[in-house]
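Engineer: My questions will all concern the structure given below.
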Amino acid sequence: MSEGIKLSKNGNDDSDAAIPGFYFSNSVKDVIHTTMGIEPNEIKPFSDGYDNVDEQITGFLNLTGDLNMMITLGMSRKTAAAFVVYMTGVQLAEAKDEDMCDGIAEIINMVAGQIKTQAVGRGYHLKVLTPFVAVGEKCRIVYKSKVENMTKRFRIGNLDFMLKVFYYHL
Amino acid sequence: MELKKKILSVDDSSVIRKIIRSAVEVLKYDLLEASDGEEAISILNKEENEDIRLILLDWNMPGMNGLDFLKAVKNHPVFRNIPVMMVTTESEKGNIIKAVQAGVSNYLIKPFNTEELIKKIMQCIREE
């Protein structure tokens, strides 16, 4: 396996990347559409890297093996509650904190499962580790500046959420 | 008195169990829930749960994982005839083969929609 760019730099048109960006986009869209019956639109994150999606609930998950990366799925509590409503059919008022955290963990787990399957098609074998969820007001993901990373932003109605991918060498 | 037919869902995710509940209610079965293998075995051992027609089983769970639970059920003199369907993100061919060799009746990969789940449950119950 050659060293070099492992993640797409510019979004989707980079079939040279170990895992092209559109694989991540398609994984998110497929999971959301299958579990909730709605198709999120992918929109550009802010060009200067600053995003104003208030990540009050963020799912984290590491994939390891032939490639090593961490993926995060961050959103507001309002978005997380909407996800639970869409997935389970409960009323909004019944969407408890533990369900929101559990729902986000499940979604990121399913997204990782799809990425893992697609990675096999490109010759990379990955292991999906246990997801976990961070909860807090105005959480920021802080990472070393030289970590290869990619951000994707999605929208359902007026609800945005972010997928971030951080690739690291071991 | 006829016992209401039951399905047992074994998954550490409460959200997944809620999704499964909505499907099972459509089929007019009662749903029993367990968040791990040990809890599931305890539910199976209760006399009032003798009419469990199907087990829906996650793979990756804390403590006893789904594959080990499946093997325990299929080696049990009383429970081995209960059909088990894996409901999991595990999609690697090797793992699916392991599950089949351990006696799984059907396999549903997450993510799934309710219609797919209902169809597969009906398949398992009909075959049983």
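The values are calculated or read from the model by the stated rules, or taken from the named source; none is laboratory data. Treat the numbers as computed from the prediction; the structure is a model and nothing was measured. No Cβ is skipped: glycine too gets one built from the backbone with ideal geometry, and neighbour counts run over all protein chains shown.
Engineer: Being under 22 Å from B:LYS4 (Cα atoms) and away from every other protein chain (no Cβ under 14 Å) is the requirement here; does B:PHE69 meet it? If you could, list the steps in order and put the result at the bottom.
Structural biologist: Numbers: under 22 Å from B:LYS4 (Cα atoms): no; away from every other protein chain (no Cβ under 14 Å): yes.
Considered against the rule, which asks whether it is under 22 Å from B:LYS4 (Cα atoms) and away from every other protein chain (no Cβ under 14 Å), B:PHE69 comes out as no.
Engineer: So B:LYS120 ticks every box in (1) part of a helix (DSSP H, G or I); (2) modelled with pLDDT under 95 but one. Which box is left unticked?
Structural biologist: Among (1) part of a helix (DSSP H, G or I); (2) modelled with pLDDT under 95, the lone unmet condition for B:LYS120 is (2).
Engineer: Exactly one condition in (1) closer than 17 Å to B:VAL15 by Cβ; (2) free of Cβ contacts under 8 Å to residues at least 12 places away in the same chain; (3) within 9 Å of chain B (Cβ to nearest Cβ); (4) β-branched (Val, Ile, Thr) is not met by A:VAL85; state its number.
Structural biologist: Condition (3) is where A:VAL85 drops out.
Engineer: Failed condition for A:GLY157, given (1) surrounded by fewer than 22 Cβ atoms within 10 Å (Cβ to Cβ); (2) closer than 16 Å to A:THR58 by Cβ, with all others met?
Structural biologist: Here A:GLY157 meets the rest and fails (2).
Engineer: Only one of (1) more than 12 Å from chain B (Cβ to nearest Cβ); (2) in contact with a Ser or Thr (Cβ under 7 Å, 6 or more places away or on another chain) is not met by A:ILE115, so which one is it?
Structural biologist: Of everything listed in (1) more than 12 Å from chain B (Cβ to nearest Cβ); (2) in contact with a Ser or Thr (Cβ under 7 Å, 6 or more places away or on another chain), A:ILE115 misses just condition (1).
Engineer: Could you list, in sequence order, all residues of region B:99-115 that are within 11 Å of chain A (Cβ to nearest Cβ), over 15 Å from A:GLU106 (Cβ atoms) and crowded, with 19+ Cβ neighbours inside 10 Å?
Structural biologist: Answer for region B:99-115, where residues must be within 11 Å of chain A (Cβ to nearest Cβ), over 15 Å from A:GLU106 (Cβ atoms) and crowded, with 19+ Cβ neighbours inside 10 Å: there is none.
Engineer: Same structure, new question: Does A:VAL90 meet the test of being in contact with a helix residue (DSSP H, G or I) (Cβ under 7 Å, 6 or more places away or on another chain) and within 16 Å of A:VAL31 (Cβ to Cβ)?
Structural biologist: Details: in contact with a helix residue (DSSP H, G or I) (Cβ under 7 Å, 6 or more places away or on another chain): yes; within 16 Å of A:VAL31 (Cβ to Cβ): no.
So A:VAL90 fails the test.
Engineer: Would you be able to tell me the number of residues in region A:48-82 that are of a type outside the set (Asp, Glu) and more than 27 Å from A:LEU126 (Cα to Cα)?
Structural biologist: Filtering region A:48-82 down to residues of a type outside the set (Asp, Glu) leaves A:49-50, A:52-53, A:56-65, A:67-82.
Keeping just the survivors that are more than 27 Å from A:LEU126 (Cα to Cα) gives A:49-50, A:52-53, A:56, A:76-82.
Going through region A:48-82 one residue at a time, the tally reaches 12.
Engineer: Suppose the filter is closer than 30 Å to A:SER27 by Cα, aromatic (Phe, Trp, Tyr) and assigned to a helix (DSSP H, G or I); does B:PHE112 pass it?
Structural biologist: Numbers: closer than 30 Å to A:SER27 by Cα: yes; aromatic (Phe, Trp, Tyr): yes; assigned to a helix (DSSP H, G or I): no.
No: the conditions fail for B:PHE112.
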